[in-house]
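Structure record follows, encoded as structure tokens.
The values are calculated or read from the model by the stated rules, or taken from the named source; none is laboratory data. Values in this document were obtained by computation on a predicted structure and should not be read as measured data. Neighbour counts are summed over all protein chains in view; Cβ atoms, including those assigned to glycine, are modelled from backbone coordinates with ideal geometry. Quick note on the areas: whole protein, heavy atoms, side chains included, nothing else; ligands and nucleic acids left out. Shrake-Rupley method; radii C 1.70, N 1.55, O 1.52, S 1.80 Å.
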Amino acid sequence: MCKNMPPLELAIQFHGHVCPGLLIGVRAAELAQKHLDITQDYDEELIAIVETDSCGVDAIQAILGCTFGKGNLIFNDYGKNVYTIASREKGRAVRIAQRFGATAFRESERFRQLNRKDSLSEEEAAEKENLIGVLFEKIMTMPPDELFAWEDVEFKVPDKAQIHATLQCADCGEGVMETRSHNTEAGILCTPCCQKRGGEAGV
Amino acid sequence: MCEANIYIDRGSGEELLMEMVDRVIPGEENNIFMESIFGERRVVKARIREMELVHHRIILEEIKEAAEVQTMEIWLEPDTDHGHFHEGEEVSLKLLKGYNMKAEPAAGFKNTKAFVTNGGEKTELHFHEHDGDKNLIMGQETEGLIQVYAVDEERLYAKLIVEIGHHHHHGLQPLGLPLEIVPSSYSHARMGDNYEIQVLKEGKPMAGVEVRATYAGTHNRDYPHHLTTDSEGKARLYLTARGNYLFTVSDEGIISTFTLMKSF
Ligand SMILES: [Zn+2]
Ligand SMILES: [Zn+2]
């Protein structure tokens, strides 16, 4: 590993391929860095709330260091390319929303078409490669305000991720985090076991 | 059953192009349109060589357009999957011959020589031949910015710049090849950079000449990028692919390449 990998390369390495969605996430992460004057997360200093679970989120994780595992990546399943990035240290948050139709290029539609195919001929593989090249340049060189609308937002910074006790499930014997366990007549149960007994799945 | 499988000969034997074809229509400009019973449609530039109707085989022979006639060129590649060399690491390069960064082992080298220049001094390098590969090994003492070039058939040139260790800001001198591609500023090239090169013919900027560019592992059969130099002999390319890039220029039988090493 070589240190000082630029954001774009970090994101591509993390995500595994280059696609328009990832690049939009790279632009969003870089915009957040510039707007909030931040770099990468250390010790849950940054929090990201993402409203999509598609490719772009990987750029947020790789570049800003807000990850699912650390608990400073919050996913709201709204199906929107919207990223809210908050900094505890700066006491500020910015909400970045992709503008509707901003990346509706002629090449995007054909790219999606080829992307849906299970296998590509050599010609199609070349075509897809050339399309991603064109889209790459368009997305990465677009003025930020054509790609996004952003604003400072009020943001109540949640407490840092808590470490909860682990209890043992009476049925399967596996460990389950206390706040996700179900206290039933049959004893402490994990959610899958509780569901098997026809209990409510409330999480 | 009246469908046929279509095979195409692209110069290296027959290969299956399309299965279960039920329509074949020869069109303008050597185009042959075909459609399969599955609705797949394709157009190729070819002529029909043979129709073996009993065996449901149609054999096409590809017609290479004038622009697609592939002339062989040589280029240098770093012999590392790491993309760059660190101080103390053995610097090892490969010389390849082929087209569009796809090596053609059958092409064969003729009167091949290689040289290294490090701060003005030029030294001839000797090839280590191994399984038909031509390798240049420069040892571990090398550091700074070094330029390596090779010449084959007295008209094919390949150049590569190796930066060992980081942040070397030496001025980069042209090597004085009859036809040469020189990067405008040698910094670490990255994806998303607008990379500028200059073409020199006998040391003078060459305006209005075509520079082709490609990158390692492209699926394109021909060069994906075609640039034209401006009045200062310069051209720019926005780098969007991973891995190394190759820039190529040709003039009066001379073909000169420049390999741009990228770490990623
Ligand atoms: Zn993706
Ligand atoms: Zn259980």
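For region B:191-264, run through the GluC sites (Glu not before Pro) and keep only the ones in DSSP coil with at most 13 other Cβ atoms within 10 Å of their Cβ.
B:Glu202, B:Glu232, B:Glu252
Provide the per-residue ³J(HN,Hα) series for region B:24-34, in order, calculated from phi with Karplus coefficients 6.51, -1.76, 1.60 and θ = phi - 60°, each as a whole number of Hz, with x at glycine and proline positions.
9, 10, x, x, 5, 6, 6, 6, 10, 9, 9
Does the protein assembly as shown come out rounded, prolate or oblate, given a ≥ b ≥ c as the square roots of the eigenvalues of its C-alpha gyration tensor, rounded meaning a/c under 1.5 and, failing that, prolate meaning a/b above b/c?
oblate
What FRET efficiency, computed as 1/(1 + (r/R0)^6) with R0 = 25 Å and r the Cβ-Cβ distance, is obtained for A:Lys34 and A:Ile74, rounded to the nearest 0.05?
Rounded to the nearest 0.05, the efficiency is 0.70.
Just to be sure I understand: with springs between alpha-carbon atoms less than 10 Å apart, which residue in B:Ser36, B:Ser185, B:Ser231 has the highest mean-square fluctuation in the Gaussian network model of chain B?
Ranking B:Ser36, B:Ser185, B:Ser231 by mean-square fluctuation puts B:Ser36 first.
Tell me which residues come under 5 Å, amide H to amide H, from A:Met142 once H is placed; ignore anything under 5 positions away on its chain.
none
With a 1.4 Å probe and all protein chains kept in place, how do B:Trp75, A:Trp150 rank by accessible area, largest first?
These residues rank, largest area first, as A:Trp150, B:Trp75.
Could you size up the charge dipole of region B:4-62 around its Cα centre, putting +1 on the beta carbon of Lys and Arg and -1 on that of Asp and Glu, and report it in debye to the nearest 20?
The dipole of region B:4-62 has a size of about 80 debye.
Can you pull the percent of chain A's accessible area that's carbon plus sulfur, 1.4 Å probe, other chains left in place?
49 percent
Could you work out [θ]222 nm for chain A from helices alone, using -39500 (n - 2.57) per DSSP H run of at least four and dividing by all its residues? Round to the nearest 500 deg cm²/dmol.
-10500 deg cm²/dmol
Within 10 Å of each candidate Cβ there may be at most 12 other Cβ atoms; applying that plus a DSSP loop requirement, which chymotrypsin sites (Phe, Trp or Tyr not before Pro) in region A:92-146 survive?
Filter output for region A:92-146: A:Phe100.
Provide the percentage of antiparallel DSSP beta bridges, counting only those with both residues in the protein assembly as shown; round to the nearest 5.
90 percent
Could you list the residues of region A:31-68 with an amide nitrogen less than 13 Å from a label point located 7 Å from the Cα of A:Val153 in the Cα-to-C-beta direction?
Answer for region A:31-68: A:47-52.
Where is the GNM fluctuation largest for chain B (alpha-carbon springs, 10 angstrom cutoff): B:Gly243, B:Gly27, B:Gly132?
Checking each option, the largest mean-square fluctuation is seen for B:Gly27.
Can you list the aspartates and glutamates whose alpha carbon sits under 15 Å from that of B:Lys113, skipping same-chain ones fewer than 8 residues off?
Output for B:Lys113: B:Glu73, B:Glu124, B:Glu129, B:Asp133, B:Asp152, B:Glu153, B:Glu154.
Report which residues of region A:1-45 become buried by 50 Å² or more of accessible surface when going from the isolated chain to the complete set of protein chains (1.4 Å probe; DNA, RNA and ligands ignored).
Buried by the other chains: A:Cys2, A:Glu9.
Could you provide, to the nearest whole Å², the per residue accessible area of the protein assembly as shown with probe 1.4 Å?
53 Å²
Heavy atoms only, probe 1.4 Å: what % of the accessible area of chain B goes to carbon and sulfur, would you let me know?
In chain B, the share of accessible area belonging to carbon and sulfur is 46 percent.
Taking 7 Å along the Cα-to-C-beta vector as the label spot, tell me the B:Lys102-B:Glu61 distance in nanometres, rounded to one decimal.
About 2.1 nm separates the two model spin labels.
Helix by helix, which DSSP H runs in chain A go 18 Å or more along their axis at the Cα atoms and have an average Kyte-Doolittle hydropathy of 0.0 or more?
Correct list, ordered by number: A:20-36.
List the residues, sorted by chain then number, that are 5 or more residues from A:Ile188 or on another chain and whose placed amide H is less than 5 Å from its amide H.
Amide H neighbours of A:Ile188: A:Ala170.
Hey, if we sort A:Ser54, A:Ser119 by accessible area with the 1.4 Å probe, largest down, what's the order?
I get A:Ser119, A:Ser54, largest accessible area first.
Can you tell me which lysines have their Cα less than 17 Å from the Cα of A:Lys34? Leave out same-chain residues fewer than eight positions away.
Excluding near neighbours in sequence, the set is A:Lys90.
Taking the Cα centre of the protein assembly as shown as origin and charging only Cβ (+1 Lys, Arg; -1 Asp, Glu), how large is the dipole, in debye to the nearest 20?
Once rounded to the nearest 20, the dipole reads 840 debye.
Give, ordered by residue number, each residue of region B:225-264 whose 1.4 Å probe accessible area is reduced by a minimum of 20 Å² on adding the remaining protein chains to the chain alone.
Going by heavy-atom accessible area, the residues of region B:225-264 that drop by at least 20 Å² are B:Tyr238, B:Thr240, B:Arg242, B:Phe264.
Label B:Glu232 and B:Met20 with points 7 Å out from Cα along Cα→Cβ: what is the distance between them in nm?
Modelled inter-label distance: 5.9 nm.
How much solvent-accessible surface does B:Arg242 expose, in Å² to the nearest 10, with a 1.4 Å probe and all protein chains in place?
That residue has around 110 Å² of solvent-accessible surface.
Amide H neighbours of A:Ile74 under 5 Å, at least 5 residues apart or on other chains, H built in the peptide plane: list them.
Answer set, sorted by chain and number: A:Ala48, A:Ile49, A:Val50.
Checking an interface number: how much accessible area is buried between A and B, summed over both chains, with a 1.4 Å probe, in Å² rounded to 100?
1600 Å²
For the charge dipole of region B:73-260, defined by +1 on Lys and Arg C-beta atoms and -1 on Asp and Glu C-beta atoms about the Cα centroid, which residue among B:Ile197, B:Tyr245, B:Leu227 has the Cα displaced farthest towards the positive pole?
The residue sitting most towards the positive pole is B:Leu227.
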